Amino acid sequence: MRAPTFFLLFAALCAGPAAASEAAWQALARPGAVAMVRHALAPGTGDPAGFDVRDCATQRNLDARGRAQARAIGDLFRANGIASARVLSSAWCRSRDTATLLDLGPVEILPALNSFFADRSRRGPQTESLRAVLAAEPDAPLRVLVTHQVNISALTGRPTRSGEIVVLRVTADGSVTVDGEIAVPVPPRAVSD
């Protein structure tokens with residue numbers, strides 16, 4: 001059970017980044033906008049040796065703070081007038097769980113959003129595949145992509161923190177323009193489900 005005090009504190013923490021990112025929120029209202037979200041807090045780096053993408057028990061997953069952060073990201077979207085979107089996710093459990101907890105719509109798996117952290121040779125082809133998917137619908141309604149640091153950096157050239165949102169547009173020729181970033185703080189350690 002979540003304490004009301006936690007939500008008041010967390011809402012206050014989120015208000016600063018949301019206010020500081022007003023241009024990014026406005027950009028999300030334009031046709032063709034894409035919100036690329038790094039999955040919420042999942043302590044550690046990479047995945048354990050021998051992990052199986054189909055088995056969450058073998059992967060690095062969201063902890064209680066990560067689940068709270070994912071819900072807070074969804075709350076920020078709604079607080080900024082976005083109640084639904086097309087939500088696409090990596091197949092990794094930490095991304096799927098983040099996407100689900102956003103509660104913005106059904107979650108679709110898009111392989112181009114899968115992590116290539118353990119196999120950097122996939123960076124170029126996978127990034128071009130993602131660019132092609134986005135460029136195919138340059139004026140589509142808002143798409144929320146939940147993915148990994150390596151994917152966001154490969155497409156935008158920007159590093160991100162857990163739960164951070166990069167707002168971008170991809171034109172029909174595949175050009176990427178970053179319109180802003182929205183940081184979402186990680187909840188305090190006392191969070192429990």
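The values are calculated or read from the model by the stated rules, or taken from the named source; none is laboratory data. Every value quoted in this text rests on a predicted model; they were computed, and no experiment measured them. Backbone-built Cβ (ideal geometry, glycine too); neighbour counts: all protein chains shown.
Quick look at the values:
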item	result
Tally, over region 50-72, of residues that are aliphatic (A, V, I, L, M), part of a helix (DSSP H, G or I) and under 19 Å from SER162 (Cβ atoms)	4
Only listed residue being part of a helix (DSSP H, G or I), surrounded by fewer than 22 Cβ atoms within 10 Å (Cβ to Cβ) and in contact (Cβ under 8 Å) with a residue 12 or more places away in the chain, chosen from ASP139, ASP47, ASP75	ASP75
Within region 50-64, tally of residues that are touching a residue at least 60 places away in the same chain (Cβ under 8 Å) and more than 17 Å from VAL146 (Cα to Cα)	1
Criterion: at pLDDT 95 or above, among the acidic types (Asp, Glu) and closer than 14 Å to VAL37 by Cα - qualifying residue of GLU108, GLU164	GLU164
Hits in region 91-130 (condition: in contact (Cβ under 8 Å) with a residue 60 or more places away in the chain and farther than 25 Å from THR171 by Cα)	THR98, LEU101, LEU102, PHE117, ALA118
Unmet criterion (only one of (1) modelled with pLDDT of 95 or more; (2) more than 19 Å from the chain's Cα centre (by Cα); (3) closer than 25 Å to SER84 by Cβ) for ARG2	(1)
Residue in region 50-66 that is farthest from the chain's Cα centre (by Cα), counting only those that are aliphatic (A, V, I, L, M) and surrounded by fewer than 16 Cβ atoms within 10 Å (Cβ to Cβ)	ALA57
Failed item, numbered, when ILE82 is tested on (1) assigned to a loop (DSSP other than H, G, I, E, B); (2) β-branched (Val, Ile, Thr); (3) free of Cβ contacts under 8 Å to residues at least 40 places away in the same chain; (4) buried (at least 17 other Cβ atoms within 10 Å of the Cβ)	(3)
Residue pairs meeting the criteria (Cβ under 8 Å; at least 6 apart or on separate chains; first on the phi > 0 side of the Ramachandran plot, in region 162-185; second of a type in the set (Val, Ile, Thr) and in a loop (DSSP other than H, G, I, E, B))	GLY163/VAL184; GLY163/VAL186
Residue in region 142-193 that is farthest from ALA29 (Cα to Cα), counting only those that are loosely packed, with under 14 Cβ neighbours inside 10 Å and hydrophobic (A, V, I, L, M, F, W, C)	ALA190
Residue that is surrounded by the fewest Cβ atoms within 10 Å (Cβ to Cβ) [pool: residues in region 110-136 that are part of a helix (DSSP H, G or I) and among the polar types (S, T, N, Q)]	SER121
